[in-house]
Structures are given as structure tokens and as C-alpha cells.
Amino acid sequence: MKNIGKLATGLLLMATANAAWAESIPSMMRTDTHATNNGWAVTPLFTVGQKIDNYSPPGVLDGLGAFIVNKNTVRILANHELQPKQGAPYKLDSGVVLSGARISYLDVDRSTLKVKKAGLAYDKIYDRNGELVTSADQVNESEQGLNRLCSARSVEAGQYQFDDNLFFSGEESDNGTEWVLDVDNRELWAFPAMGRGAWENITPVESGRDDTVVLLAGDDRQAAPLYLYIGKKNGVGDKSFLDRNGLKQGEFFCWKAKNGDKNPESFHGFDQQRSGHFIPLTVQDSSRTGHSGYDSNGYLDAKTLREEKGCFTFSRPEDLHENPAKPTQIVFASTGRGKLFPKDNWGAVYTVDLDFDELKKPKATVTILHDADALPQPDMGIRNPDNLTWGYDGYIYVQEDRSVYPKKLFGSVKGVEASIWRVDPASGSYVRIGEIDRNARYPKDTTDPKKSDIGNWESSGILDVTPLFDSKQGGTLLIGAVQAHSVKDGSIKKKQLEQSAQLFLMRKL
């Protein structure tokens, strides 16, 4: 499979394929009303309740990844952010039956933009001890399934020193595990070297060394650091999946501001910048196995890890994505936590410039690209940024997830629903290009009891998939998901799909 590592020549949206955008199912994302669409168009790709190839993907669609399977097919991988006892049960090759979070695949025809096949993305799971899961309690030691798989990242074999096609998927739960899918072999592996966390997402960056992989990570809890993982690839003997990709063992760090700032109360405002460095953390101490603050294998629990070393703590770390044109630079969102940090109630978007000249002493400069709290009217800026992607066109695309306090502030100025923004990282200018449309309903036997609750629905998983499609027209093609949190009744409940949700394509020619 070929992922998005190499820029192709544009979109596959030929004039003859325009009919693919005329869907009978209404779109949960719109590009009019409050959005300044500037030529953007949106269409549903899949809506929860539809059955594809005898498979019914459940709701709470979240992190997405994408690969080219062959000349006719793009495979979309999608997380479902379910709790362990939610969702219809499914069976692994080992015979064990699980419920809860999972990863689905949806194969999309490159010429018609129609989903033609779907299913579960893996047949086997390997636990934190590297053992095949044959009992449900192996998955996360206490539950009957994976817990709240959130944002995600797909990486093509050969990108950023990785040997295999990978899909990183973290549990956004207390003391969660980071998981990584061996895409081609349909195996889901625990990645314990990352330690314990409420893992929102990770992004790879360029290490500059053939035997070294580097990942940046966000722990989705209030007052959490920006983490860095540096892993060494094992080049000796018959390497396992984790070994050959540098994920078996590595060093772990958190970022510390050089001037001593500890949190957003002293680091806020447009264009503010702080230099700093990453300091090492010990995520496992086998001598402390079973002690307070440690798990049964000696890994620090997430709370203890977050409090180590006094590193800078962001309000609530969320998604990350590297600049495809400069892979030692990333964009990073923190959603905001006004009760704890009043000066960061509405969240912020940061850029992070990394320096690996001394691999044992990595450095980073963090710059605030957007800070809605610094605006005269925060509700008119990018509110509670959550998922994001750095596009191949040079722009950053940001999705909102209401977490402002009190909730009634969100949308209070003009009644604008959760939105998608395009940000110019050079100038800092930003424009709304999409907005949730809660008039959409599918299936028809569902209702939205909280329709007046602005921001209750959110979009997630945004990804620039332009390079996976080839067209003479050029332009930009994004994929994303809508989580219709309040729509849970009717056939959604009956079929154990949990919530309504939708995958959508968004294009600009």
C-alpha cells in the first residue's frame, strides 16, 4: 500500500465524476451560512447506519488514516471512540470476543469516490507483554475491549525511518495504551514503550538518522506536557514488528521552557514564543512494580508521569501533525481549560520547531499561532481547537471541539456551530470553511433532543488526502468525520451503533 508520503498530481475529481457528490443522505457538514467557503464543497462518504459489504461500522468516528491499495482503491482507516462495553461485539481470529473501541477500514473507489468494501482492520491483537490476545482481559488488563481510540496517524513504509505501513491509535482514557496497527498483516500491537497516558495522538518527525524514529505525543488531560519519544531500530537478527520499527524500546522526554514558564498563564497571546528543551523521563521502573503510581509491569501511571520533572503543562493537549514541507516542524493544538487556566479558556494553536543536532538533548521552540482568548471577542476566533492537519497546500486545517467554560459561551455571539478553519501559518490569517449542520438526519428514525445545544456535535479526524487521488484539475481534498453525539435512538440504539456519525469529503478546486 502507498500512503500520503509522496505528493501526487492532484485530485481525482474529474468533471465526469461530479455525480458522486450528489448524495441522497444529507451532509452533517456545510460550507455555507457562517462559513466562507471560497469554492469548497462537501459530500457524505459514509453515514453510520449504512451497511457496507455486510459490515455496519459503529459511531463515534474519530481519527483517520489513508493508504493507496492499488490503482483503483484508497483504503480509509477509521477509529471508533467507544468505551469497552459499547458497540456490537466482534470476534478475533483467536476466538476471543470483544466489544468497545475498534478500527474499521473502508475501501473507496478512486474514480467514483464511493465506498465499495468495509470491515474490521485487524484479525489479531498483541497485548502489552507482546502476547497474542486470547482472553478479553488482556487488552487493557481490566476491561472487555479497547477503550476510546481517539485521534490517529497513518505512516507509509519508508516514511520517517519506519519499515512497515503503520496506523497509530491511542486510548484516550486514564492509563491508556498507545496501539499501532501493522496494516498489511492486520495485527494490532500494544506500544508500551510510550508509557501510560490518555493518548490523543502522535505524529512522526524527521530524525535525520536511519536507525532512529522520533514521535511527538499529546496526553489529552488538563495540565499535561508535550511528550517526545526517540526509538532505536533493532538491526540484529530476526526483528519483530516493534523492533524493526523502533517501537520496542526508546527514550521518553517532556518539553520544558527555557525561561521557566510552567503553563499558559504566563505563556499566551498571538505570536508569543518560547525556546526550550526536552528533558528525559523514566516511564518504567521494574523495581517499583505494583507500588503506588506504577502498574503491574512497573510503568508509571499517567498521572504520575504527567507530574514528573516540572515540565511545561499545556491546558489540554490535543492533535499534532508535521509540516510535510519541513518535517521537523509540527502544528499542535491545546483545547483549553478555563477552570484551571483562565487565560486559556478557548485554547490555542501552536507551532513547534525541533532541533535534533544533539539527539540526547533535543530542543524545540514553541510559537503561538492562534489564541482566541487574546481576541476582543473570543467566540469569533478558532474556539477550542482539537483535531488538525498540515495540508500539502501549505495551510493548516483545524477542527473545533467545545470545551469552553461555561459551555453557553460557545456560539453565543452569532450562533455559529462547531467549525473547520483554514489557517495560513505564515501570516496567521484564518477563515472558516465548514460548519456542523445539525439538520441532517440518517437514519430517519433518529432525533436530536439537544439541537439547541450549540457545539454538542463536533467534527474530527481531518486529513489531507489529496496525494492519494490523481487529477488534472488539481486542488485540495480533505476527509473528516462528524460525531453527532446527541443522536442515539431508533435503529442506532437497536443495532448497537452507539451514536450517529458521518465520514465526509471536502474539496476545493
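The values are calculated or read from the model by the stated rules, or taken from the named source; none is laboratory data. The structure displayed is predicted, hence computed values, not measured ones. Ideal geometry is used to build each Cβ from the backbone, glycine not excepted, and the neighbour counts take in all protein chains shown.
Which number in (1) assigned to a loop (DSSP other than H, G, I, E, B); (2) in contact with a Pro (Cβ under 7 Å, 6 or more places away or on another chain) marks the one condition that Trp255 misses? Going through the list (1) assigned to a loop (DSSP other than H, G, I, E, B); (2) in contact with a Pro (Cβ under 7 Å, 6 or more places away or on another chain), Trp255 breaks only (1). Residues of segment 314-339 that are touching a Pro at 6+ places or on another chain (Cβ under 6 Å) and in a loop (DSSP other than H, G, I, E, B): Ser315 alone. Within segment 9-27, the presence of a residue that is assigned to a strand (DSSP E or B) and either more than 30 Å from Glu143 (Cα to Cα) or at pLDDT below 95 (or both) is excluded.
The residue pairs whose first member lies in segment 315-326 and is without any contact (Cβ under 8 Å) to a residue 12 or more places away in the chain, whose second member is part of a strand (DSSP E or B) and surrounded by fewer than 24 Cβ atoms within 10 Å (Cβ to Cβ), and whose beta carbons are closer than 9 Å, counting only pairs six or more residues apart or on different chains, are Lys326/Asp353.
Name the strands (runs of 3 or more DSSP E) wholly inside segment 106-223 in which the number of residues that are touching a Ser or Thr at 6+ places or on another chain (Cβ under 8 Å) and surrounded by 20 or more Cβ atoms within 10 Å (Cβ to Cβ) is 3 or more. Spell out the reasoning first.
Values: elements: 115-120, 124-126, 149-155, 166-171, 178-182, 187-190, 199-205, 212-219.
Answer list for segment 106-223: 149-155, 166-171, 178-182, 199-205, 212-219.
With respect to Tyr229, is the statement that it is crowded, with 18+ Cβ neighbours inside 10 Å, hydroxyl-bearing (Ser, Thr, Tyr) and closer than 19 Å to Leu320 by Cα true? Judged against the criteria, Tyr229 is a match.
Tally up the residues in segment 37-55 that are part of a loop (DSSP other than H, G, I, E, B) and crowded, with 17+ Cβ neighbours inside 10 Å, please. Lay out the reasoning, then the answer.
So in segment 37-55, the residues part of a loop (DSSP other than H, G, I, E, B) come out as 37-39, 49, 51, 53-54.
Going one step further and asking which of them are crowded, with 17+ Cβ neighbours inside 10 Å, we end up with 37, 49.
Counting residues in segment 37-55 that are part of a loop (DSSP other than H, G, I, E, B) and crowded, with 17+ Cβ neighbours inside 10 Å gives 2.
Determine which member of the set Asp261, Asp243 is among the charged types (D, E, K, R), farther than 30 Å from Phe162 by Cα and surrounded by 15 or more Cβ atoms within 10 Å (Cβ to Cβ). Every option except Asp261 fails the conditions.
The residue that is surrounded by the most Cβ atoms within 10 Å (Cβ to Cβ), counting only those in segment 413-442 that are of a type in the set (A, V, I, L, M, F, W, C), in contact (Cβ under 8 Å) with a residue 40 or more places away in the chain and in a loop (DSSP other than H, G, I, E, B), is Ala418. Between Asp445, Asp386, the distinction of being part of a loop (DSSP other than H, G, I, E, B) and either over 17 Å from Met28 (Cβ atoms) or not small (Gly, Ala, Ser) (or both) belongs to Asp445 only.
Within segment 448-497, the set of residues being small (Gly, Ala, Ser), in contact (Cβ under 8 Å) with a residue 60 or more places away in the chain and farther than 27 Å from Tyr395 by Cβ comprises Ser491 only.
In segment 361-383, the qualifying residues are those that are in a strand (DSSP E or B) and of a type in the set (S, T, N, Q), and the one that is surrounded by the most Cβ atoms within 10 Å (Cβ to Cβ) is Thr367. Within segment 390-402, the residues that satisfy the criterion of being buried (at least 23 other Cβ atoms within 10 Å of the Cβ) and out of contact with any Gly (no Cβ under 9 Å at 6 or more places or on another chain) are Trp390, Ile396, Val398. Considering only residues of segment 302-345 that are over 17 Å from His370 (Cβ atoms) and aliphatic (A, V, I, L, M), which is surrounded by the fewest Cβ atoms within 10 Å (Cβ to Cβ)? My answer is Ala325.
Considering each of Asp184, Asp210, Asp174, Asp219 in turn, give the residue that is touching a helix residue (DSSP H, G or I) at 6+ places or on another chain (Cβ under 9 Å) and farther than 18 Å from Val283 by Cβ.
Values: Asp184 fails: touching a helix residue (DSSP H, G or I) at 6+ places or on another chain (Cβ under 9 Å); Asp174 fails: farther than 18 Å from Val283 by Cβ; Asp219 fails: farther than 18 Å from Val283 by Cβ.
Of the residues listed, the single one that is touching a helix residue (DSSP H, G or I) at 6+ places or on another chain (Cβ under 9 Å) and farther than 18 Å from Val283 by Cβ is Asp210.
Of all residues in segment 164-178, none that is free of Cβ contacts under 8 Å to residues at least 24 places away in the same chain has its Cβ atom under 6 Å from the Cβ atom of a residue that is surrounded by fewer than 24 Cβ atoms within 10 Å (Cβ to Cβ), 6 or more apart or on another chain. Exactly one residue among Asp344, Asp355 is touching a Pro at 6+ places or on another chain (Cβ under 8 Å), at pLDDT 95 or above and more than 15 Å from Ser403 (Cα to Cα), and that residue is Asp355.
Val349 meets the conditions (1) surrounded by fewer than 24 Cβ atoms within 10 Å (Cβ to Cβ); (2) part of a strand (DSSP E or B); (3) aliphatic (A, V, I, L, M) in every case but one. The failed one is (1).
Results for (1) within 26 Å of Lys414 (Cβ to Cβ); (2) of a type in the set (Phe, Trp, Tyr), shown as yes or no for each residue.
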| site | (1), (2) |
| --- | --- |
| Phe270 | yes, yes |
| Ser287 | no, no |
| Phe312 | no, yes |
| Lys360 | no, no |
